[in-house]
Amino acid sequence: MNNIDITNYKNFEEAASDLLDLINSFMTDKLVTITRITNETFTVLKVLDNNTGCGIHEGFTINVNDTL
């Protein structure tokens, strides 16, 4: 496996794309998300959906205070 130097990335989009490609090589036919969780929200930043039919999309946000 090649070492990845994160200092080579210029922005989040490049790094996220490579990360999703790497994960997809091991977990084909799965839904993979990169998310951000704060004290107030859970937000989907990036999605790799291999035709799973799941309705999660980039930008999907849930207010944590409104969950169980």
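Observations, loosely collected:
- Every pair of residues 6+ apart whose Cβ atoms lie under 9 Å, when the first sits in segment 34-53 and is over 21 Å from E13 (Cα atoms) while the second is in a loop (DSSP other than H, G, I, E, B): N51/D29; T52/D29; T52/K30
- Considering only residues in segment 35-61 that are open to solvent by less than 60 Å² (accessible area, probe 1.4 Å) and either of a type in the set (A, V, I, L, M, F, W, C) or touching a His at 6+ places or on another chain (Cβ under 6 Å) (or both), the one that is nearest to N24 (Cα to Cα) turns out to be L48.
- Residue within segment 4-13 that is surrounded by 12 or more Cβ atoms within 10 Å (Cβ to Cβ), part of a loop (DSSP other than H, G, I, E, B) and either modelled with pLDDT of 90 or more or of a type in the set (K, R) (or both) present: no
The values are calculated or read from the model by the stated rules, or taken from the named source; none is laboratory data. In this text, all values refer to a predicted model and were calculated from it rather than measured experimentally. Backbone-built Cβ (ideal geometry, glycine too); neighbour counts: all protein chains shown. The area values use the complete protein model at the heavy-atom level, side chains included, leaving out ligands, DNA and RNA. Shrake-Rupley method; radii C 1.70, N 1.55, O 1.52, S 1.80 Å.
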